[in-house]
Amino acid sequence: MEKIEAVLKEERVFYPSEAFRQKARINQLQEYETLYKESLEQPEAFWGRVAGELHWFQPWQKVLEWNPPNAKWFIGGKLNLSYNCLDRHLETRGNKAAILFEGEPGDSRILTYQQLHREVCKFANVLKSLGVQKGDRVTIYLPMIPEAAIAMLACVRIGAVHSVVFGGFSASALADRINDAQAKVLITADGGYRRGGVVPLKANSDEALADTKSIQHVVVVKRTGQEVPMQAGRDHWYHELMADASAVCPAEPMDAEDPLFILYTSGSTGKPKGVLHTTGGYSVYTYLTTRYIFDLQENDTYFCTADVGWITGHSYVVYGLLQNGATTLMYEGAPNFPNEGRIWSIIEKYRVNILYTAPTAIRAFMKWGEEWPRKYNLESLRLLGSVGEPINPEAWLWYYRVIGQERCPIVDTWWQTETGGIMITTLPGVHPMKPGHAGKPFFGVKPEIVDSSGQAVTNPDEGGHLIIERPWPSMLRTVWGDPERFERQYFSQYPGRYFTGDGAKRDADGYYMILGRVDDVLNVSGHRLGTMEIESALVAHPAVAEAAVVGRPDPIKGEGIVAFVTLKSGHNPSPELAQELKAHVVKMIGAIARPDEIRITDALPKTRSGKIMRRLLRQVAAGEEIKGDTSTLEDRAVVERLKASSPH
Ligand code: WTA
């Protein structure tokens with residue numbers, strides 16, 4: 001638990017306003033408690049009732065089968081998530097906006113449910129015409145444009161398994177993900193706009209395809225309009241294929257446990273894991289969490305700033321919202337383009353009611369100054385959300401005061417790629433808020449805090465490992481192609497219980513405070529990065545002998561990346577080499593993994609058994625005094641030399 005840091009003390013409790021409470025979907029504590037109790041004691045009744053609000057081609061026979069670590073939900077049921085996102089609303093909400101799109105250059109588009117349905121059906125037919133069949137994998141590497149949602153829904157419609165790769169990942173990271181999933185088709189764009197520049201997605205794709213064999217066709221959306229080479233037979237323009245496609249494409253009835261999508265995320269080994277979600281449970285859980293946690297009302301406009309390349313974009317930009325027939329806003333670009341008021345100008349322009357963003361963004365907004373949000377009318381906002389990392393009370397209070405104008409409740413939502421949906425949060429019309437505490441478990445979720453032997457920690461405010469005791473509908477089902485890793489990673493530390501990798505504590509009121517990762521995973525600007533992943537990238541450089549990567553506290557990013565490297569003989573430390581190593585990591589993984597600091601040193605601190613002492617490196621990286629036991633160090637002089645190494 002050494003990584004757990006003290007969080008600023010903030011004792012104040014904030015209550016939802018009476019005005020908010022009165023209109024909220026759930027506004028009685030008693031109602032939450034009754035439903036929560038039922039969800040744990042009679043999960044079959046509870047989840048069966050929720051699932052019944054969606055459309056099924058065939059009803060399930062049994063709600064849950066649990067043979068740890070394997071859960072099956074809604075056994076025998078058949079449904080299609082694209083049907084529940086689109087067809088189900090055509091009669092009552094056909095002309096309602098499903099997607100509001102704002103491009104970085106200022107272009108905008110609105111797709112009604114009717115129009116989105118039509119585009120999805122057409123693109124589903126395009127995929128079929130390229131030979132995509134149920135169960136095939138399709139990689140999506142697009143900017144935040146409506147075609148990303150269209151492509152996801154089109155895959156889902158025909159039962160193809162999508163794997164969305166964040167547009168900020170490099171060619172090499174894209175190739176790894178294509179290869180692991182053995183994807184048949186790649187959907188990309190010529191480029192995407194970012195901070196006034198163009199991200200060369202097609203060029204990256206071409207580079208990735210040189211290292212992959214499985215891709216048979218590439219579909220290219222024209223977004224930025226720059227020249228891109230098109231390989232005859234392999235590459236096709238999206239608009240050309242769509243021109244001739246039929247708009248009739250019935251949704252494929254999928255088994256509740258059929259694979260829905262794969263999403264790669266970092267773990268404590270060098271290779272990202274393909275987290276697999278399946279159809280029924282994921283649909284039901286994202287439908288319900290969206291409805292209650294964001295207190296969705298029929299006329300709300302909802303804006304989540306996450307990219308569809310992350311789980312937040314899957315569950316709370318696209319699927320949870322559309323299943324509820326809501327209006328979801330997609331913004332393509334950077335929050336500070338053309339200036340630091342962009343997010344607030346979007347909120348004013350579309351009269352956004354619900355904003356969901358990350359602490360790292362909030363801290364950047366704070367740095368840019370209150371004058372930016374003050375220039376715009378934010379009165380439409382009703383509810384605010386936070387996700388991705390612990391929110392420090394200072395950022396919470398700023399968000400509450402400056403953006404929410406002390407009128408909007410904040411939901412601090414804890415969850416993971418693996419959990420599929422939000423697990424711990426307050427319900428905005430019910431629970432008082434405590435800055436820095438995510439809050440209470442959502443329906444069906446039974447968290448526990450345990451010590452390393454698996455014993456529940458019973459003292460309030462005592463830290464431990466956060467585990468989840470029972471299966472919940474949107475739990476990951478496996479790691480793609482590696483069921484053994486699935487079991488080892490999540491269910492072996494505390495047999496039969498899901499280990500989150502996070503530390504947490506619970507106060508006397510049952511509120512959970514998340515303390516951050518306890519494994520070798522960094523959280524940089526709300527993005528998960530494995531230290532081993534960055535280390536593998538570094539040692540792939542010809543000059544590097546060994547690398548050890550650690551996090552250090554960063555006022556904006558939450559955590560910054562510091563890499564300690566030793567060089568192979570014949571190579572000498574220099575500022576130029578340090579720059580080259582940073583660029584190398586960007587090339588191997590993407591800009592999100594660029595080390596903030598490289599420290600070239602002549603040795604790494606190791607124990608006599610050869611294990612790198614990361615604790616020491618973290619202290620050196622943070623500029624702290626070396627504390628704790630160093631007696632197991634093989635060579636104590638290393639510490640002094642490390643401290644003397646100059647940071648680049
Ligand atoms: C962290 C993002 C504190 C946590 C949805 C988790 C949080 C990891 C919160 C998952 C929060 C996410 N408070 N920490 N509200 N939300 N985290 O898979 O460490 O990208 O394990 O999913 O982010 O990151 P992932």
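Observations
- Options Asp206, Asp176; residue that is among the acidic types (Asp, Glu), within 23 Å of Val132 (Cβ to Cβ), touching a Lys or Arg at 6+ places or on another chain (Cβ under 9 Å) and not in a loop (DSSP other than H, G, I, E, B): Asp176
- Put simply, of Gly274, Gly281 the only residue that is assigned to a helix (DSSP H, G or I) and modelled with pLDDT of 95 or more is Gly281.
- Filter result (more than 16 Å from the ligand (Cβ to nearest atom) and touching a helix residue (DSSP H, G or I) at 6+ places or on another chain (Cβ under 8 Å)) within region 397-426: Trp398, Val402, Ile403, Glu406, Arg407, Cys408
- Qualifying residue in region 363-385 (condition: of a type in the set (S, T, N, Q) and either under 24 Å from Val199 (Cα atoms) or open to solvent by less than 10 Å² (accessible area, probe 1.4 Å) (or both)): no
- Filtered residues of region 526-540 (kept if surrounded by 21 or more Cβ atoms within 10 Å (Cβ to Cβ), of a type outside the set (D, E, K, R) and more than 11 Å from the ligand (Cβ to nearest atom)): Gly530, Thr531, Ile534, Ala537, Leu538
- Every residue from region 545-584 that is of a type in the set (Gly, Ala, Ser) and outside any loop (DSSP other than H, G, I, E, B): Ala545, Ala547, Ala548, Gly551, Gly558, Gly560, Ala563, Ala578, Ala583
- Ser39 being among the polar types (S, T, N, Q), open to solvent by less than 30 Å² (accessible area, probe 1.4 Å), over 18 Å from Gly320 (Cα atoms) and modelled with pLDDT of 95 or more: yes
- Residue match in region 591-598 (condition: basic (Lys, Arg) and either in contact with a strand residue (DSSP E or B) (Cβ under 6 Å, 6 or more places away or on another chain) or at positive phi (or both)): no
- Every residue from region 191-203 that is surrounded by 23 or more Cβ atoms within 10 Å (Cβ to Cβ) and assigned to a loop (DSSP other than H, G, I, E, B): Gly191
- Which numbered condition Val479 fails, given (1) under 30 Å from Phe14 (Cβ atoms); (2) more than 10 Å from the ligand (Cβ to nearest atom); (3) β-branched (Val, Ile, Thr); (4) modelled with pLDDT of 95 or more: (1)
- From Tyr316, Tyr400, Tyr331, residue being under 28 Å from Gln22 (Cβ atoms), open to solvent by 10 Å² or more (accessible area, probe 1.4 Å) and modelled with pLDDT of 95 or more: Tyr400
- The single condition among (1) open to solvent by less than 40 Å² (accessible area, probe 1.4 Å); (2) under 30 Å from Glu91 (Cβ atoms); (3) over 22 Å from the mean Cα position of the chain (by Cα) that Glu298 does not meet is (1).
- Among residues of region 222-248, those that are surrounded by 11 or more Cβ atoms within 10 Å (Cβ to Cβ) and either in contact with a Ser or Thr (Cβ under 7 Å, 6 or more places away or on another chain) or polar (S, T, N, Q) (or both), counted: 3
- Here Arg157 meets the list (1) under 22 Å from Glu257 (Cα atoms); (2) open to solvent by 10 Å² or more (accessible area, probe 1.4 Å); (3) among the basic types (Lys, Arg); (4) assigned by the TED database to the domain that holds Ile215 almost entirely, failing just condition (2).
- Tabulated pairs, region 86-115, first in contact (Cβ under 8 Å) with a residue 40 or more places away in the chain, second of a type in the set (Lys, Arg) and open to solvent by less than 70 Å² (accessible area, probe 1.4 Å), C-beta under 7 angstrom, 6+ apart or interchain: Tyr113/Arg93; Tyr113/Lys96
- Failed item in (1) within 16 Å of the ligand (Cβ to nearest atom); (2) in contact (Cβ under 8 Å) with a residue 40 or more places away in the chain; (3) not aliphatic (A, V, I, L, M), with Ser386 passing the rest: (2)
- Of residues in region 274-287 being in contact with a Ser or Thr (Cβ under 6 Å, 6 or more places away or on another chain) and either assigned by the TED database to the domain that holds Ile158 or farther than 17 Å from Glu53 by Cα (or both), the one nearest to the ligand (Cβ to nearest atom): Val275
- Of Pro59, Pro69, all but one fail to be touching a residue at least 12 places away in the same chain (Cβ under 8 Å) and under 23 Å from Met423 (Cβ atoms); the exception is Pro69.
- Scanning region 103-126 for residues that are open to solvent by 10 Å² or more (accessible area, probe 1.4 Å) and of a type in the set (Gly, Ala, Ser), we see that the one that is nearest to Val199 (Cα to Cα) is Gly106.
- Applying the criterion of at least 1 residues that are free of Cβ contacts under 8 Å to residues at least 60 places away in the same chain and among the charged types (D, E, K, R) to the strands (runs of 3 or more DSSP E) found wholly in region 429-536 leaves 447-450, 498-506.
- Flag if Ser569 is of a type in the set (S, T, N, Q), open to solvent by 10 Å² or more (accessible area, probe 1.4 Å), within 16 Å of the ligand (Cβ to nearest atom) and farther than 28 Å from Arg477 by Cβ: no
- Any chance Tyr292 is more than 16 Å from the ligand (Cβ to nearest atom), of a type in the set (Phe, Trp, Tyr) and touching a residue at least 60 places away in the same chain (Cβ under 8 Å): yes
- Helices (runs of 4 or more DSSP H) fully within region 317-391 that include at least 2 residues being in contact with a Leu (Cβ under 7 Å, 6 or more places away or on another chain) and farther than 30 Å from Arg157 by Cβ: 342-350.
- Residue within region 582-589 that is on the phi > 0 side of the Ramachandran plot and either surrounded by fewer than 22 Cβ atoms within 10 Å (Cβ to Cβ) or within 16 Å of the ligand (Cβ to nearest atom) (or both) present: no
- Qualifying residue in region 343-356 (condition: open to solvent by less than 40 Å² (accessible area, probe 1.4 Å), under 18 Å from Ile150 (Cα atoms) and touching a Gly at 6+ places or on another chain (Cβ under 9 Å)): no
- Number of residues in region 616-648 that are over 21 Å from Pro573 (Cβ atoms) and surrounded by fewer than 17 Cβ atoms within 10 Å (Cβ to Cβ) equals 13.
- Checked against (1) more than 17 Å from Ser17 (Cα to Cα); (2) in a helix (DSSP H, G or I); (3) open to solvent by less than 20 Å² (accessible area, probe 1.4 Å), Gly421 passes all but a single condition, namely (2).
The values are calculated or read from the model by the stated rules, or taken from the named source; none is laboratory data. Computed from a predicted structure; not experimentally measured. Because the Cβ atoms are built from the backbone with ideal geometry, glycine has one as well, and the counts that use them run over all protein chains shown. Heads up: the accessible areas ignore ligands, DNA and RNA and are worked out on the full protein's heavy atoms, side chains in. Shrake-Rupley method; radii C 1.70, N 1.55, O 1.52, S 1.80 Å.
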